[in-house]
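Below is one structure, written out as C-alpha cells; comments come after it.
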Amino acid sequence: MRPRRVPSTDDVVNTVSRLLLSPALVARYAWLVARTASTPRPQDAPFAAGPGVDPDRVLIVGAGAAVGWGTNTHSLALPGHVARRLAKKTGRGSHVAAMADPTHRGPKLRNVIESTFLENWDVVVLTLGAAEALTLASPRACARHLDDLVRSVLERARPTARVVVATTPLTEAVASFGISAGAVAERHAAVLADVSRQVCAEHARVTHVELTGGPEHETDRRYEDWAGVLADHVAPLLAAQRARTDSPQRARNRPQPVATRLAAIAETGLVEAEPEAALQAITDRARETFETDGAAFDLVLDDHQWNVISTLGSARREPLADSFCATTIQSDEAFVVADAWHTDLPVPRNDIRFYAGYPVHTPDGTRIGAICVFDPLPRDVAGLPIEALRGFALDIERELHRRAA
C-alpha cells in the first residue's frame with residue numbers, strides 16, 4: 001500500500017512560500033555540494049568488521065550519514081563504529097558494508113538498489129541525506145520515492161530480512177561542512193522525517209530510526225553516537241531473526257549457486273594470473289600465525305580448484321576431488337578438520353591431515369574460495385583461533401577491493 005497521507009507543508013511553510021524559498025535554498029545546497037569537493041571521505045574498502053565469528057551482515061545504503069564525510073577510512077565512519085558496537089552488543093562478529101554516495105537520492109538510489117544483490121544481507125539500512133530538506137523538496141514526492149525504494153529492497157532481500165530507514169537531524173547532517181542549514185530547512189527536515197516514519201509504518205518489516213548525537217561533537221564522536229543509536233536499534237532485529245528457522249543467517253550457511261560463484265570469480269581476474277605480493281603476504285602471515293606447514297588462498301571453480309597463492313608452491317590447478325576448500329565454501333562458517341585420516345567428514349584422503357579454512361567473499365557476499373592453513377600432522381583444534389582466520393579472509397577481501405578500484 002502507498003502511504004495514505006503525508007504531513008502538510010503548512011506545518012513549515014505554505015506551498016507558495018516553499019516555492020519562493022526553494023531557489024535560495026537550492027543555491028545554498030549547490031554551494032554545499034561544491035564544498036564537498038574539499039571535504040575528506042573514505043576511499044578504502046567500503047566495509048568494516050566487528051570481532052568474533054558467526055557474523056551478522058548489515059548493508060548501509062544511501063547518502064548522508066553513510067558517506068563518511070570528514071573521515072578518511074570506513075573504520076572511523078559509520079560502518080566501522082556500527083560493526084564494533086554490534087559485535088559488543090551481540091557477542092558475535094559483524095560485517096557492515098556501505099554503498100554510499102552523496103548523489104544517492106530518489107530514483108537514482110532505487111536504481112542502485114535494483115542493480116544490487118541483496119540476499120546475503122540480514123539488515124539493509126537506508127540513510128537519507130540532507131538534499132531534500134535543503135531544497136524544500138515536496139513531502140509527497142519524497143514519500144513516493146521512499147515507498148518505491150523500500151518496496152524494491154523488500155522484493156530483493158530475503159523474506160525475513162529487515163529494512164531500517166535512518167534519518168539524521170539536519171543540524172547534525174551538515175555539521176561536517178561547518179554551515180548552518182537555516183530554520184526553514186530544519187523545520188522542513190522534521191516534516192520529511194515524519195514522512196519517513198509514516199512510510200515505514202506501512203510495511204511490516206521496515207522500521208525508522210533517527211540518528212542523533214550532538215552537532216557540536218567532533219566528527220569521530222558524531223559517528224560513534226550515530227552508530228550507538230543504530231546498533232541499539234538493529235541488535236534486537238537480528239536477535240528476532242536468528243530465532244527463526246527461515247532466518248537470513250541460516251540461509252547463508254547453505255550452498256550458493258555455482259553459476260553465481262563462477263561469474264564472481266571471473267570478475268576478479270585471478271584465474272591464470274601470476275601470484276601477487278600482497279596476497280602472498282597475507283597467506284604467509286596465516287601460516288605463521290597457525291604454525292602450519294602450509295597455507296593457501298584458493299578459488300573453487302566448477303571442475304577444479306585454482307591456487308591463487310600457496311606457500312608450498314604446489315600445482316596451481318587441482319581437481320576438486322583433492323580440495324578441502326570446495327567443502328569450506330558450502331557454508332559461511334569456518335571448516336575445520338582435526339585429522340582427515342580419521343573423520344567421517346567428506347574430505348579428501350591425501351597428505352593433509354589438519355585443515356582449517358574460512359570463506360572469502362565478494363562485496364555482495366558470494367563465496368568464491370577460501371583462505372586455509374593445513375599440515376601433514378593431526379592437531380587438537382580446541383581453542384583454535386578461528387577469529388584470526390576470519391581476519392585473514394577479510395584482509396584478502398580488502399585487497400581484492402583495492403585491485404578492482
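The values are calculated or read from the model by the stated rules, or taken from the named source; none is laboratory data. Here the structure is a predicted model, which means the values were calculated and not measured. Using ideal geometry, Cβ is built from the backbone for each residue, glycine included, and neighbour counts are taken over all protein chains shown.
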If you check residue 237 against the conditions, is it in the same structural domain as residue 171 (by TED's automatic domain parsing), buried (at least 17 other Cβ atoms within 10 Å of the Cβ), of a type in the set (A, V, I, L, M) and assigned to a helix (DSSP H, G or I)? yes
Quick check on my filter: what residues within the range 342-368 are within 18 Å of residue 301 (Cα to Cα) and touching a strand residue (DSSP E or B) at 6+ places or on another chain (Cβ under 7 Å)? 347, 357, 358, 359, 360, 361, 362, 365, 367, 368
Inside the range 157-206, the number of residues satisfying the requirement of being modelled with pLDDT of 95 or more, touching a helix residue (DSSP H, G or I) at 6+ places or on another chain (Cβ under 8 Å), small (Gly, Ala, Ser) and part of a helix (DSSP H, G or I) is 1
If we keep just the residues of the range 343-362 that are farther than 14 Å from residue 376 by Cβ and more than 33 Å from the chain's Cα centre (by Cα), which is surrounded by the most Cβ atoms within 10 Å (Cβ to Cβ)? 343
Where residues in the range 81-103 are within 21 Å of residue 116 (Cα to Cα) and among the polar types (S, T, N, Q), which of them is modelled with the lowest pLDDT? 103
Among residues of the range 328-372 being in contact with a Pro (Cβ under 8 Å, 6 or more places away or on another chain) and among the aromatic types (Phe, Trp, Tyr), the residue nearest to residue 265 (Cα to Cα) is 354
Criterion (outside the structural domain of residue 112 (by TED's automatic domain parsing), of a type in the set (Gly, Ala, Ser) and within 30 Å of residue 60 (Cβ to Cβ)) met by exactly one of 383, 369, 294: 369
Given the options 109, 78, name the one that is in the same structural domain as residue 177 (by TED's automatic domain parsing) and modelled with pLDDT under 95. 109
Could you please let me know if residue 194 is without any contact (Cβ under 8 Å) to a residue 40 or more places away in the chain and out of contact with any Cys (no Cβ under 8 Å at 6 or more places or on another chain)? no
Of all residues in the range 370-405, how many are in contact with an Asp or Glu (Cβ under 8 Å, 6 or more places away or on another chain), under 30 Å from residue 341 (Cα atoms) and in a helix (DSSP H, G or I)? 0
Residue check for residue 322: free of Cβ contacts under 8 Å to residues at least 40 places away in the same chain and touching a Ser or Thr at 6+ places or on another chain (Cβ under 8 Å): no
Cβ-Cβ distance below 8 Å, separation of 6 or more or different chains: which pairs start in the range 136-163 with a residue that is within 18 Å of residue 192 (Cβ to Cβ) and end on one that is among the acidic types (Asp, Glu)? 142/132; 147/202
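Quick test for you: out of 135, 90, 167, 160, pick the one residue that is polar (S, T, N, Q) and buried (at least 24 other Cβ atoms within 10 Å of the Cβ). Even if it seems obvious, please write down each step before you answer.
Working: 135 fails: buried (at least 24 other Cβ atoms within 10 Å of the Cβ); 90 fails: buried (at least 24 other Cβ atoms within 10 Å of the Cβ); 160 fails: buried (at least 24 other Cβ atoms within 10 Å of the Cβ).
The unique qualifying residue is 167.
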Is it the case, given these coordinates, that residue 197 is farther than 23 Å from residue 332 by Cβ, in contact with a Ser or Thr (Cβ under 9 Å, 6 or more places away or on another chain) and surrounded by fewer than 18 Cβ atoms within 10 Å (Cβ to Cβ)? yes
